[in-house]
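A short write-up of the structure that comes next.
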Amino acid sequence: MLKINDIYAGYGEIEIIHGISLEVKEGEIVSIVGPNGSGKSTLLKSIFSLVDIMKGNIDYLGTDLTKLGTDKMIEQGLSFVPQTDNVFPTLTVAENLELGAYVSNKNLKDRFDLIYSLFPPLVEKRKKKAGTLSGGQRQMVAFGRALVMEPKLLLLDEPTAGLAPMFIDLILDKVVEINKTGVSILMVEQNAKKALAMSDRGYVLAAGEKKYEDSGKGLLENEEVAQLFLGG
Amino acid sequence: MTLGGIFSYLVFFLIFTGIYAVMTLALNMQRGFAGLFNIGIAGFWAVGSYTSAIMTTPPSAEHLGGYNLPFVLGLLAAGLVAALLAFLIGIPTIKLREDYLGIATIGIAEIIRLVIKNEEWLSNGVRGIAGIPKPMAGFLGHNYNIFFLLIVVLIIAIFFYLSEKGINSPWGRVLRAIREEEEVVKAAGKNVVRYRMEAFVLGAFMMGVGGALYAHFTSFISPEAFKPMQATFLVWIMLIIGGSANNFGSLVGALLTWGIWTGTEFLTGMLPAAYTTQASALRVILIGVFLEIILLSRPQGLFGEKKYSASSSKS
Amino acid sequence: MAVQLFLNGVILGSIIALGAIGLSLIYGILKFGHFAHGDLMTLGAYFAFLFKVQLALPFWLAFILAAMLTALVAIILNFVLYRHLRKRDSVIVMISSVGAALIIRNIILLFWGPQNKFYDKAIQMPIILGDGFLRIKENQIVILILALILVIAVHLFLTRTKLGKAMRAMADNIDLAQITGINTERVIIWTWAMSGVLTAAAGILLAFDTHLTPVMGWNLLLPLFAAVILGGIGSPYGAMFGGLVIGISQEMSTLVISAAYKPAVAFTIMILMLIIKPSGLMGKKVS
Amino acid sequence: MFKKRIFVVMMILMFVSLSISGVFAQDTVKIGTLVPMTGGLASYGQFTRNGTLLAQKIINDQGGILGGKKLELVNVDTQTNPQSGVDGAQKLVSVSGVNAIVGALSSGVTIPVAESVTVPGEVVLISPASTSPILTTLDDNGYVFRTVPSDSLQGVVAANLASNRLDYDKLAIIYVNNDYGQGLNDAIVEQFEKNGGEITASIAFEPNKVSYRSELMEAAKDSPDALLLVAYTDDGGITIIRQALENGYFDKFIFTDGLKAPEITEGVEQYLEGMYGTAPTSMPGGNGPEIFKNLYEKEFGEIPPKPYIDTSFDATFVLALAIEKAGSTDGTAIRDALGEVLSEDGMVVNINEWNKAKDLIKAGQKIRYEGASGPVLFNQAGDSMGAIGIWKIKDGDIVNDSVEVQ
């Protein structure tokens, strides 16, 4: 459903991604892993036009994303959860979720119920400001906000960064759970082993280029990859 | 209108431009190189002006001092007191976010203006200090302004030279690195706050000297001279128009801005007398429009940022 | 006496609060100090003068028309100037707003001249309560009620409408707002419109209590900023609260210091706030 | 490329405008006027300028100056700040080539203009409005004059009015925080206390604020008999009067010259009926102010309630007298002629009698100029030795009550 074709991207005149191609198929979980500074997050952001794209195109269900406005992307079922600052701290949890439905509020009630059932701890925090929540709960709000619009493809930028270990597994379990409801997932993740273990396929990036591409399992078993990027 | 008249106005025009250029160079040190957002220039200007006035006038019952010191000591004292003030302001504020520093400085500048307006023992209050000596005025007679222009040019040259020298030194490189990537510099173990403070204090020193030049040239100062528009924002406009982080741009920015500021008068002066009020309002509108056009068409300033030697100093 | 000063402070404070709400939202969303805000306030007051005195319309209609026209000017400023400069250094936008301030003030001077103007030349005798203990004019009661109505309206708008929530969201985190699908450009326009309306209201109420002069808003600009800083940049509720604190403390300061230093009170509070708690009383944490 | 273009446009603009002002320069006698048209004192500048224009009209209508040349007035705007004022003065002197200037209004501009431009340039400067005592003692080689009396005179009259005529024992003063207000306040306090009265409060106010309620409250604290208000109409004076009345802080006032304007009573006539004020005025017998009022109204419509219109008329007129007397536009000659041409026992010249003045000068006679603001005479320091009048509000209008000759 998503096809990145030989993309070059970066900030201003600084090019960070040097020609990467990538694909996500319907219903997959796809992980992008790699060392710090390899350009994983930049690649993810380029899909949402959050960085400058110098060359290449991104095909999503037949339309070129590089020419689409953000609100249109969301209408077409694309959703993004940034790594940090991914909730509106002075707004309540409920308001955060409502804003997720900014583009259209069809069947809002049902979607909210679904999200609260996916993340039960949020129910009682409904009226609390998001800024007062714990890191794990904030991540739930961020996920919830991204899921309100019933996306077909969810982009996750390091969803477990900065979380306490007990939350890491919880959040990753939720990712699988979300995937099972039919949402395709493309994520960038520091916990490369855990990420690849749950992924259908994976990409390994270094220095802005694609180094390896295989099934999650395949990459985990690739000794070269293990040695170079997964810490032995 | 005679050629001699034009020449003497030109000299005068250049003196004023020069005084503003000193301010712009100083602001460039703070803003262009260190990224500090000081919108309280009026405060440092006032402190410099009053310090030199108090130092160099003969003893007076109307204000603190005077101490009858020579002009050069007046300039120096003006710079030092302004620098000290910057240091004191900087202790709590220099580590703040840039716009917070800005708002703190404009507040402090207004407080300084209120103090010199109301503390008669210090500054003779609203009446101001008159008779601030002009160096060598007794000897030079009619061509005095040419001499004063030389003093101003000399001071600009010194500041320009030191500023260029400083910014190309390891110190300057760290400063620019801080502006670009504060975190990296912090990680390299540099005391970011100290570098910033140094630039702030140095810039303030220059502003103090500029203020002293203004006081000696006009020979009279009162709180009216230190309002935010003419004493702060005009300098900012000069810096932005010339291009931040470019000393040469600062000089040209001062020249061009003061040229527009005063040159528009010749334009509106051509309207009939009955429209004088409208003409004057129109003139200020014109100045505003000029500024916006330049900002819109060249937001990086006429000269943009100068490329100085390699930007990082990994030590 | 202290009670009377307090009341005077509340009146001044509610006017500052109205102006500060918009200033704070713009500061929070667009990340620059809008130095033409005071002059927009003046413009609003003069528009109302145009409608009420020069065209002899009823006050409520003049009020609404002036507020709408001021909102329009704010939107135009955004379109012509700030929108183009926003991607640059925030300092450039600020300088550009200083230029806009100059232009607006002198356009007022051009059309209405430098003389003081009044909505109504007759004065009002105060209602005296408790044997001279408290004096309040009818106009001042109107001001307090109008200010209260506007503040409640703002509150409802910000918490009950999608647009209002989007504004708050953008003040929190404009990047996140963008990927959430909020049409940021549109919300920015609405923010300018709302700021314009509130600012005009502040100017009109100020002139209603006293008189009009071309520098009235510029002179109130720093107290407005003080209120914004005090409440925390980007926090509309903080701005309301900050406005009240600034107004009350300015007026009550005359109990202890010379009235000549009254303007310094706002700046001093502002600077102390920056040093002690830069995020403001109600702002979000600054990382 | 863009910077080059801007540069070129700028330079062209500057030189075109410079040379245009040169091309049109006919054989005229030029006097500069340096008044604020924008900034804090803009509301005074406009009418001050009219005062000078009226003088110009009278002179040109009556055959011009220096053997038939036209008098030309060149105006620059001080923007009410010294930086622009000094620059403007230098333009007048260097570019327009004037040797005599009327201006500026506030002392904060007049003094630096004198010190850095006109005195070193040997140009005569007559301020129609600067009342600062510093002007008296300025080391100016005699090039600086003023047609407005210094503060001290009026202060004495105002204090005597309060203690003698009105029998007040306790007085509160609120004054505008600039050199004008400060000077008057000091003089009033000194004289009132000498008369045995008590000043319960003397409070400076920042001009152009919207609320002065706390100042008023402070002033009313020790229940003084009246409020003596030193202010201009537009910088806060009217606001203070209205807020004082509205809140019932004061019901008795004494005003100074800056408030001698029917404008102050608009909407509050009934409350101000019978209040007194002081202002510089003409000597008994002179009718300069009346003639001036008529002439002004014929030319510009109703005379606005602003101070310094008359004094700037006078400044222009006496400069013309001095130029005529000197027979040249040389600054030093004008300076010397100003001292020679005016005399208390000279022949009376009214403000519309320019021809008569020329004849008298030709005949070597001295002139007693019955100016728009009263007779103009300069002492050694270049200060005007005027009279102070007491005025009164009657039926909502301002009427002159009596004249105190000092």
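Of the residues in the stretch A:157-191, how many are touching a residue at least 12 places away in the same chain (Cβ under 8 Å) and of a type in the set (Lys, Arg)?
Residues flagged as touching a residue at least 12 places away in the same chain (Cβ under 8 Å) and of a type in the set (Lys, Arg) within the stretch A:157-191 amount to 1.
Whether any residue in the stretch C:148-164 is within 14 Å of chain D (Cβ to nearest Cβ) and under 26 Å from residue C:47 (Cα atoms) is what I want to check.
no
Which fully enclosed helices (runs of 4 or more DSSP H) of the stretch D:127-221 have 1 or more residues being free of Cβ contacts under 8 Å to residues at least 24 places away in the same chain?
It comes to D:179-194, D:213-220.
What's the number of the condition residue C:42 fails, among (1) among the polar types (S, T, N, Q); (2) in contact with a Lys or Arg (Cβ under 8 Å, 6 or more places away or on another chain); (3) at pLDDT below 95?
(3)
Among A:67, A:55, A:25, A:72, which is the only one that is touching a residue at least 60 places away in the same chain (Cβ under 8 Å), surrounded by fewer than 17 Cβ atoms within 10 Å (Cβ to Cβ) and among the basic types (Lys, Arg)?
A:25
Within the stretch C:69-103, work out how many residues are of a type outside the set (A, V, I, L, M, F, W, C) and either at the interface with chain B (Cβ under 9 Å from one of its Cβ atoms) or assigned to a loop (DSSP other than H, G, I, E, B) (or both).
Count: 8.
Out of (1) more than 12 Å from chain B (Cβ to nearest Cβ); (2) surrounded by 24 or more Cβ atoms within 10 Å (Cβ to Cβ); (3) over 27 Å from residue D:302 (Cβ atoms), what's the single condition that is false for residue D:32?
Looking at each condition in turn, residue D:32 falls short on (1).
Of the conditions (1) in contact with a strand residue (DSSP E or B) (Cβ under 8 Å, 6 or more places away or on another chain); (2) of a type in the set (Gly, Ala, Ser); (3) within 28 Å of residue B:153 (Cα to Cα), residue B:269 satisfies every one except a single condition; which number is it?
Looking at each condition in turn, residue B:269 falls short on (3).
Within the stretch D:156-184, which residues are modelled with pLDDT under 90 and in contact with a Leu (Cβ under 6 Å, 6 or more places away or on another chain)?
none
Limited to the stretch C:52-68, what total is found for residues that are among the aliphatic types (A, V, I, L, M) and not in a helix (DSSP H, G or I)?
Adding up the residues that qualify gives 3.
Could you list, in sequence order, all residues of the stretch B:264-300 that are within 9 Å of chain D (Cβ to nearest Cβ) and not in a helix (DSSP H, G or I)?
B:269, B:270, B:298
For the stretch A:173-232, please list each of the helices (runs of 4 or more DSSP H) lying entirely inside it that holds at least 1 residues being among the aromatic types (Phe, Trp, Tyr).
Correct list: A:223-229.
Only one residue in B:218, B:232, B:257 is crowded, with 24+ Cβ neighbours inside 10 Å, more than 9 Å from chain D (Cβ to nearest Cβ) and closer than 30 Å to residue C:260 by Cα. Which one?
Residue meeting the stated conditions: B:232.
Results for (1) assigned to a helix (DSSP H, G or I); (2) more than 9 Å from chain B (Cβ to nearest Cβ); (3) closer than 15 Å to residue D:27 by Cβ; (4) modelled with pLDDT of 90 or more, shown as yes or no for each residue.
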site: D:52; (1), (2), (3), (4): yes, yes, no, yes
site: D:67; (1), (2), (3), (4): no, yes, yes, no
site: D:73; (1), (2), (3), (4): no, no, no, yes
site: D:84; (1), (2), (3), (4): yes, no, no, no
site: D:89; (1), (2), (3), (4): yes, yes, no, yes
site: D:92; (1), (2), (3), (4): yes, yes, no, yes
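Could you run through the stretch A:195-207 and say how many residues are at pLDDT 85 or above and closer than 21 Å to residue A:37 by Cβ?
Selection size over the stretch A:195-207: 7.
Run residue B:237 past the list (1) surrounded by fewer than 24 Cβ atoms within 10 Å (Cβ to Cβ); (2) not in a loop (DSSP other than H, G, I, E, B); (3) not small (Gly, Ala, Ser) and report the number of the one that doesn't hold.
In the conditions (1) surrounded by fewer than 24 Cβ atoms within 10 Å (Cβ to Cβ); (2) not in a loop (DSSP other than H, G, I, E, B); (3) not small (Gly, Ala, Ser), residue B:237 misses (1) alone.
Looking at (1) at the interface with chain C (Cβ under 9 Å from one of its Cβ atoms); (2) in contact (Cβ under 8 Å) with a residue 24 or more places away in the chain, can you tell me which one residue B:96 breaks?
(2)
Filter the stretch C:3-35 for residues that are among the aliphatic types (A, V, I, L, M) and within 10 Å of another protein chain (Cβ to nearest Cβ); which is farthest from the chain's Cα centre (by Cα)?
C:5
Going by the structure shown, is residue A:82 within 25 Å of residue A:163 (Cα to Cα) and within 11 Å of chain C (Cβ to nearest Cβ)?
yes
Taking the stretch D:263-313, which residues are at pLDDT 80 or above and polar (S, T, N, Q)?
Correct list: D:265, D:270, D:278, D:294, D:311, D:312.
Which condition from (1) out of contact with any helix residue (DSSP H, G or I) (no Cβ under 7 Å at 6 or more places or on another chain); (2) without any contact (Cβ under 8 Å) to a residue 24 or more places away in the chain; (3) in the same structural domain as residue D:103 (by TED's automatic domain parsing) is the one that residue D:337 breaks?
Only one criterion in (1) out of contact with any helix residue (DSSP H, G or I) (no Cβ under 7 Å at 6 or more places or on another chain); (2) without any contact (Cβ under 8 Å) to a residue 24 or more places away in the chain; (3) in the same structural domain as residue D:103 (by TED's automatic domain parsing) is unmet by residue D:337, namely (1).
Report those helices (runs of 4 or more DSSP H) wholly inside the stretch A:66-121 carrying at least 3 residues which are within 17 Å of the chain's Cα centre (by Cα).
A:70-75
Mind listing whichever residues of the stretch D:334-361 are in a helix (DSSP H, G or I) and either basic (Lys, Arg) or crowded, with 18+ Cβ neighbours inside 10 Å (or both)?
D:334, D:335, D:337, D:338, D:341, D:354, D:356, D:357, D:358, D:360, D:361 - these are the residues of the stretch D:334-361 that are in a helix (DSSP H, G or I) and either basic (Lys, Arg) or crowded, with 18+ Cβ neighbours inside 10 Å (or both).
In the stretch A:107-118, is there at least one residue being more than 13 Å from every other protein chain (Cβ to nearest Cβ) and under 16 Å from residue A:27 (Cα atoms)?
Within the stretch A:107-118, none of the residues are more than 13 Å from every other protein chain (Cβ to nearest Cβ) and under 16 Å from residue A:27 (Cα atoms).
The values are calculated or read from the model by the stated rules, or taken from the named source; none is laboratory data. Every value quoted in this text rests on a predicted model; they were computed, and no experiment measured them. Ideal geometry is used to build each Cβ from the backbone, glycine not excepted, and the neighbour counts take in all protein chains shown.
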